[in-house]
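What follows draws every value from the coordinates through simple rules; no lab data is involved. Computed from a prediction, not measured in an experiment: that's the story for all the values here. Cβ coordinates were reconstructed from backbone atoms using ideal geometry, including for glycine residues, and neighbour counts include every protein chain displayed.
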Amino acid sequence: MARKSILTQLNKVFISITLLVIIIASIFAFTSQKMLATSNAILRADLPLEMAIESMNSTLKAMQTNAALYLLGYADQKQQYQVNLAQLQSIKDNISHRKLLTNDEQNNAFHHVNQLSNVLNQQYQTLIFNVYFPEDEEAAKRIATNLLENNAKPLEKIIDFRAQDEIKGSQESSDEEELRHDDIPAIRYYLQLVDEAGDMQNALASYLLNDKNAKQEFDQNGEEFIKWLKLLEPLEQDEDEVADIANIKQLFEQLLDEGHQLFAIYNPESLASATHAFNKLKQTQIENIEQQMSVLLRSTSNQVISQLEELKSTNVRSIILISLCTMITIVLLISLSFYTKRTIYFPIEKLAKAVDALRLGERNIQFNHNDDELGEVFSNVEKFQHDLCHLDELQFNETQYKQQLELERDKLQQALDTLQQAQKKLINSEKMASLGALVAGIAHEINTPVGIAVTISSTFESRIKEFMTQAKTGQLNLSDLELFEQESLEGLVIMQRALNRAAELIHSFKQVAIDQSSNKRRVFLLDEMLNEVFNTLKHQIKRSTYTISIDCPSDIVMDSYPGPFGQVITNLFNNAIIHGFDGVKNGDIRVKVTLEEHNKIRLQFSDNGLGISALHIEKIFDPFFTTKLGQGGSGLGMNIVYNIVNNILGGDIAVNSHNGTTFTLIIPISAPN
């Protein structure tokens, strides 16, 4: 009998669900395609057309505003009108080029708008921009203002002055004949001249306000002015009167000439004509354009609404089909759930319980299973039960081995602890040996200046006794006194120099000894600390040809641990002397310090000795590694350097060997806490 396959049954259900999903996806694809086509039609034609129509409408209104502001005297609006006209033409060309018009109604309306806008532009140009010129009006106003300030007012002032002078003269004169035939007629003529000059000014102002009779009145007032001036001339014979009459003539002629120039430049009727044309165009052409634009917008909106209604109908049909397919899918899924529970879930639950029992140590479980895929799993689990029995035996043996390994581990741990204690003792002995070498070196260095001081003091004592004997016996003369003075001064200078050298060595020893015997943190000058350390080390090379050079800026102030820092320099120095210059008679030790970024220093300790072989350079910082094993080398010097630089000073150290050995230390100016 063939085995029943759970997979085959499930595949049938999954194929049915897949077909339904494909149908739903097809419906979604059809609906999406329909929505995409509709949205493309709206986005690529209807919406751009509607935006273009709105832009045309706003541009036409802007052109209308330009024309209105132009009539109010803003001459720059003519240029702005041309810009808006070009923009309008660009919008119309864009509509035609992109083929945004999709039906006859839109084509007809757009054609009418195009014709009407072209006619409107021609009429604006002909009836407004070519008739009225704001710059001429401005020029006329400037001429009028200039006439008022430079001609009319000075003219009135001179005439009024002459009239007042005549009135004053008539009041002072006692000659009746002169009053009747000279002063009184002159006063009358002057007053008439003032009236005529004022009337001429009023005529100019009225002309600018579009008074049609203002030009004629200006000419008539000018003729009256000439008439009264001719009557006045025979009466004014004094020199100053003749001069003022000449000025009056000159100012009047300028007023008359420039007034006629104003009439020639500007005609106020042009503004009225252009304004009338603007109002008429607003009531006819612009209203027609707006009406056609409304037709174009309405056609576009109706087309969008029709497409959306069609899309809505398609969506409703799609929703009905999708709902039907969804219901069928739900029924299939429920059937699938019951089937999987009976054939998969319950057997797997039974299998899980069996596995838990195996995990807890039970090894006598009975497995009953069907002839299907899960039956094979149950069969394999049963085999697994037999394997676990064998594994339990192996685990028992492993436990025995593990206990034995733990005993060996305890022994190894005890040995490691003993080794670490030995390492600590060696490190302390290394530090004390370094301090002992420091004491021996300082004692050796101090011996010389102290011996000199003792010798000088002994000699000085004997010379004082000899001097006192000569003084008491009366044998002291001037030459003996001068010799005693000279020898005393020379001895004191030598003694003072020796004692100063001893004090300097003691000070260096004291600071270095304090620093190296403690890990106390303090602020110090790096240059000063380096010199103090090397002062305590120079005795080791005093009788050799080795040289030491220190290149360190004098203003580097560090907040760190000078004791461990000095221990690093000491160990590097000893390493160079013991290993670098082993068998070498001449050698140079160079220390160079530079400032780095991020508040760090770079210290390079280099020698031109034998160098380090490539085989050893990787192990140089390892504990207990030395090439002088059995010859006094402990193998901890460079390991101590590495630990101090990294763990105490918070820096890094690197080494390279080329024509000698160079150790490069990157150390922060302020050590980490």
Around LEU296 (Cβ within 10 Å, Cβ-to-Cβ, excluding LEU296; K/R +1, D/E -1) the net charge comes to -1
In the range 183-259, what trypsin sites (Lys or Arg not before Pro) fall in a loop by DSSP, with at most 10 other Cβ atoms inside 10 Å? LYS212
Greater than 29 Å separation of Cα atoms is the criterion. Which listed pairs, LYS465/LYS542; LYS153/LYS230; LYS61/LYS99; LYS465/LYS538, meet it? LYS465/LYS542; LYS465/LYS538
DSSP-assigned coil residues among GluC sites (Glu not before Pro) in the range 180-262, each with at most 12 further Cβ atoms within 10 Å: none
To make sure I understand, if each residue's beta carbon is the centre and we count other beta carbons within 10 Å, what order do CYS389, CYS552 fall in, fewest to most? CYS389, CYS552
Residue-by-residue Karplus 3J(HN,Hα) for the range 243-260, coefficients 6.51, -1.76, 1.60, Hz, glycine and proline x: 5, 5, 4, 5, 5, 4, 4, 4, 5, 5, 5, 5, 4, 5, 5, 6, x, 5
Tell me which of ILE143, ASN221, ASN267 sits at the most positive position along the dipole axis of the range 134-270, charges placed on C-beta atoms (Lys, Arg +1; Asp, Glu -1). ASN267
